[in-house]
Amino acid sequence: MAHPTPPVQRPGEAVSKKAVVAGAIGNFVEWYDFVLYGASAPILARVFFSNADPQAALLATFATFGVAFVARPFGALLLGNLGDRVGRRNVLAGVVLVMSIGTAAIALLPGYAQIGLWAPLLLLIIRALQGFTAGGEFGGSATFIVEYAPDGKRGRYGSWQTATVGLGSATATALVLLFTAILSPEQLDSWGWRIPFAIALPLGLIGLYMRLKLEDTPDYRRVHELQHDLKAKPSLPIAEALRHHWRLILLGAAIVTGGTVTTYVFHNYIPAFLNTELDVPLPVALGGNVIGILVYAAAALLWGRLSDTYGRKPFVIGGAAVLVVLMYPIFRIDEIGTLPAIAAGQALFGIAAAAIMGLVPTLLSEFFPTTVRMSGLSVAYTLANALFGGTAPFVVLWLVGLTGNPTVVVFYCVAALLFTLVGALLIRETAHQPLRAT
């Protein structure tokens, strides 16, 4: 039987804003790393894999990219459980440190020309470790931010989680673009690509400092005190989440599926596709993508703010429906291959996709009670990413090679968006309800 929990004293906005920065900076580092890898895919394919078959090398590069997402659910299970058991803050501090060290370590790896097959193997191991720790980052930081949010502003605050996805992605892409522009191909392949990866370490140290400066969330502290008084603390929160909230976990994963598949396809696969298959210069492909990603980040903040007034469901349903209709036209606009066309296509995609992913941190946080929130949110989010999101660049590249038809990308994205539509239609509106404690 659930025990009534006294209302949580909400923090002031100054503290809440510090929590947004502390929570979101780890997400910035995570997505800086993942998009840096995706944006650098053509370069990494040449450095870490044999150049005998460029298509096979690029395929292997995206396969290694996907391994990180296969490892994510294991991190979500362990770190989500740990965050509900011992607190969000310390888990998040450890996660941001490990992720940044892993990204910086890639900068130090020798290439295929130096150590042969050991190069892709070591890259694979680092990616798996990063994926494991990242499994706790999104769920932990989303929980942290939303639990610190003032009343009536959870959507506004939670949307910063997605906005920093865009900002981290844009920063990574912009750095690859910068070094591509100022260095020769030989310099870029030999050492230039390594600098953006090395930058992750100081970013991670800043995130570690900021997270350790804050206390744990008021929701977690209040429930933790109550559980201690009642001696009712669950020994295994992840088991509680899976046993009692499995329907919400599946619905959350369904909602995330369409957003994460389309985001990874358009933010990671499309620039590489334009460069390798349509001979669009890499600076043009990446430059258009940066503009689109920045629009995506701004749109996430807009939809998050509006969702506090009008609810979460209308925007998630609307964003998915718009993408289903516009997916083919957006793809064709990108295929034009000029900077204005790519920027327009990616911006149009970003506006619609942000209506889904901009609300995911808040929506999934509102699904679960405080006692199992980090566990439930982490598993729902990483389940969709492991099965569909992180593997999307590899799958669509494989499908294009199998069919010889580049537009198969559109069909794959539309199929994923149908999961989002079904999930969003089945959930109840949560925007105007208080966060559940137990």
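Some notes on this structure:
- Conditions (1) polar (S, T, N, Q); (2) out of contact with any Pro (no Cβ under 6 Å at 6 or more places or on another chain); (3) crowded, with 24+ Cβ neighbours inside 10 Å: number failed by Thr338: (3)
- Failed item, numbered, when Val223 is tested on (1) touching a residue at least 24 places away in the same chain (Cβ under 8 Å); (2) farther than 29 Å from Arg305 by Cβ; (3) out of contact with any Gly (no Cβ under 9 Å at 6 or more places or on another chain): (2)
- Residues located in the stretch 125-160, provided they are of a type in the set (Phe, Trp, Tyr) and over 13 Å from the mean Cα position of the chain (by Cα): Phe132, Phe144, Tyr148, Tyr157
- Verdict on Ala113 being at pLDDT below 90, surrounded by 19 or more Cβ atoms within 10 Å (Cβ to Cβ) and farther than 16 Å from Val165 by Cβ: no
- Residues that are in a helix (DSSP H, G or I) and surrounded by 23 or more Cβ atoms within 10 Å (Cβ to Cβ), drawn from the stretch 298-316: Ala299, Ala300, Trp303, Gly304, Ser307, Phe315, Val316
- Subset of the stretch 317-349 [part of a helix (DSSP H, G or I), farther than 18 Å from Phe411 by Cβ and of a type in the set (Val, Ile, Thr)]: Ile317, Ile342
- The set of residues from the stretch 43-60 being buried (at least 23 other Cβ atoms within 10 Å of the Cβ) and either at pLDDT 75 or above or among the small types (Gly, Ala, Ser) (or both) comprises Leu44, Ala45, Val47, Phe48, Phe49.
- Matching residues, the stretch 332-346, being in contact (Cβ under 8 Å) with a residue 24 or more places away in the chain and closer than 17 Å to Thr276 by Cα: Asp334, Glu335, Gly337, Thr338, Leu339, Ile342
- Test set (1) modelled with pLDDT under 85; (2) of a type in the set (A, V, I, L, M); (3) under 30 Å from Arg85 (Cα atoms) - Met210 fails condition number: (1)
- Wholly enclosed helices (runs of 4 or more DSSP H) of the stretch 350-420 bearing at least 1 residues modelled with pLDDT of 90 or more, touching a His at 6+ places or on another chain (Cβ under 6 Å) and closer than 20 Å to Arg247 by Cβ: 373-384
- Note on the stretch 161-190: among residues that are among the polar types (S, T, N, Q) and under 14 Å from the mean Cα position of the chain (by Cα), the one that is farthest from Gly139 (Cα to Cα) is Ser169.
- Residue check for Gly319: surrounded by 24 or more Cβ atoms within 10 Å (Cβ to Cβ) and under 30 Å from Pro185 (Cα atoms): no
The values are calculated or read from the model by the stated rules, or taken from the named source; none is laboratory data. Being a predicted model, the structure only gives us computed values, none of them experimental. Cβ atoms come from the backbone with ideal geometry, glycine included; neighbour counts cover every protein chain shown.
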